[in-house]
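Read the structure below first, then the notes.
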Amino acid sequence: MSSVSDASRTTPNFSDLTRERPFMQLWVARLFGTAASQMLLVAIGWHMYDLTGSAWDLGLVGLYQFVPALVLALYAGHVVDRHHRGRIVAACFAVQGVVGLALLTAHQLHHDSRALLLGLSVVLGAVRAFQMPAQQSLTPMLVPPLMLPRAMAFSSAGMQGAIIGGPALGGLLFAAGTGVVYGASVALFVVGGVLVARLRYRQPARVREPVTLATVFAGVNFIWRRKPVLGAISLDLFAVLLGGAVALLPIYAKDILHTGAWGMGLLRSAPAVGALLTSVWLTRQPIERHVGRTLLIAVAAFGVCMVVFGISRSFTVSLIALAISGGADMVNVVIRQTLVQLETPDDMRGRVSAVSSIFIGASNQLGEFESGATAALLGPVGSVVLGGAGTVAVALAWFKLFPSLARRDRMVG
């Protein structure tokens with residue numbers, strides 16, 4: 001076995017990663033695509049509220065995107081494992097570009113309507129079911145295994161930057177009109193789609209199996225048998241389900257911290273800023289030892305941050321707690337995604353990523369419901385504190401329930 005010093009000499013550095021041209025091409029394409037997607041979602045929400053003035057319709061936009069993504073996820077994973085992943089991502093960008101173009105045309109011709117926005121929201125949800133597992137399972141094909149932790153962190157940094165910058169750019173462009181935002185998103189989707197379509201990498205031979213219940217649910221069976229993968233995915237599921245406080249931020253901003261709408265915006269962006277800074281740091285200094293223990297500690301730290309945020313009456317302390325929670329969550333995301341990809345054979349990555357996306361999507365939606373329901377019973381402070389404490393308890397329990405995960409030393413076993 002190599003010594004630590006030997007391992008450090010053979011570990012690729014950041015400059016090595018930037019020389020992996022196919023990966024960098026995908027990274028830039030995802031940057032454009034994610035920014036475009038965020039702009040499109042902001043525009044649709046604003047457009048819907050401008051048309052109907054209904055908070056209920058705003059909720060329906062999210063629901064109409066979530067349901068098809070959930071229903072199609074397992075089938076999408078099967079497709080991703082049987083077809084060219086780069087072409088699937090390019091096709092997803094193209095469809096979203098067509099949606100943006102349709103909304104731009106309808107807006108310019110004054111043919112926009114509630115039904116059109118909801119119908120196209122269904123299309124976006126269906127596209128997301130294919131895009132997420134295709135993107136996640138494509139990255140390990142473009143870099144060596146030892147470089148994957150750094151690649152995952154760098155990808156996360158780009159995505160966080162796009163998630164922060166996309167809505168901000170969309171907000172600025174709204175000054176020129178809704179149609180300008182739609183047009184800009186279409187242009188970004190075109191650039192991203194062309195970059196992915198021109199991506200060149202070695203595509204393994206695929207066995208074109210017929211669609212059966214066994215092949216569609218193969219990802220579920222694989223996760224159940226591989227305890228480190230099951231532990232990592234289920235840990236994130238419970239952390240998001242119990243520890244999220246996003247749904248209650250308006251209450252905290254208005255009634256507890258007394259900051260108003262401007263404070264709400266800062267509170268909402270604080271976790272993303274913490275996640276971005278952490279992902280940049282992990283790109284430069286990837287976690288190489290004690291990865292299982294670090295994963296569990298990061299989830300527990302996230303829960304502690306939620307407890308601090310829940311009891312805080314200081315706006316500054318609340319911002320810091322949320323920013324640190326975003327950083328802890330990013331450590332969780334990078335380790336979890338890297339472990340899952342490394343533990344999964346290439347011909348299963350699409351289906352395993354699809355199952356993971358179901359868990360994350362459902363836990364986000366259910367987590368907001370859980371926060372609202374417990375807030376109705378215990379008040380907002382009780383809801384956030386209980387959820388944070390529950391997250392810490394889950395992280396401690398996973399040390400015992402998944403010892404193989406807790407003892408995992410390196411990403412590459």
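Just so it is clear, none of the values below were taken in a lab; they were calculated from the coordinates. Quick caveat, the model's predicted, so the values are computed rather than measured. Every residue, glycine as well, gets a Cβ built from its backbone with ideal geometry; the counts of neighbours run over all protein chains shown.
So the values come out like this:
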quantity: Computed lengthening from Trp281 to Val122, 0.36 nm per intervening residue step minus Cα-Cα distance; calculated: 53.6 nm
quantity: Coil-residue chymotrypsin sites (Phe, Trp or Tyr not before Pro) of the range 137-212, DSSP, other Cβ within 10 Å capped at 16; calculated: Tyr201
quantity: Whole-Å semi-axes of the ellipsoid equivalent to the range 64-208 (Cα gyration tensor, √5λ, descending); calculated: 30, 19, 13
quantity: Sequence-separation-based contact order of the chain, relative, with Cα cut under 8 Å and 6+ spacing, percent; calculated: 26 percent
quantity: For the range 60-129 versus the range 257-304, the gap between their alpha-carbon centres in whole angstrom; calculated: 29 Å
quantity: Cα-projected label distance for Asp255 with Ala115, points at 7 Å along beta-carbon direction, nm; calculated: 3.9 nm
quantity: q = 0.11, 0.15 Å⁻¹, the range 218-413: log10 I(q)/I(0) [Debye, one scatterer per Cα]; calculated: -0.49, -0.88
quantity: Cβ-placed point charges (K, R +1; D, E -1), dipole of the chain about Cα centre in debye, nearest 20; calculated: 1140 debye
quantity: Alpha-carbon Debye profile of the range 183-265, log10 I(q)/I(0) at 0.13, 0.16 Å⁻¹; calculated: -0.94, -0.96
quantity: Highest-first arrangement of 96-102, 28-34, 115-121, where packing means the average Cβ count within 10 Å; calculated: 28-34, 96-102, 115-121
quantity: DSSP H segments from the chain that extend 18 Å or more along their own axis, Cα-based, with Kyte-Doolittle mean of 0.0 or above; calculated: 21-52, 55-82, 85-108, 114-138, 148-173, 178-197, 227-243, 261-284, 291-311, 315-343, 349-401
quantity: More than 21 Å apart - percent of Cα-Cα pairs taken over the range 306-413; calculated: 50 percent
quantity: Listed residue (Met411, Ile358, Phe302) projecting farthest to the positive dipole end of the range 267-413, Cβ model; calculated: Met411
quantity: Descending principal axes extents, the chain, alpha-carbon based, whole Å; calculated: 66, 51, 43
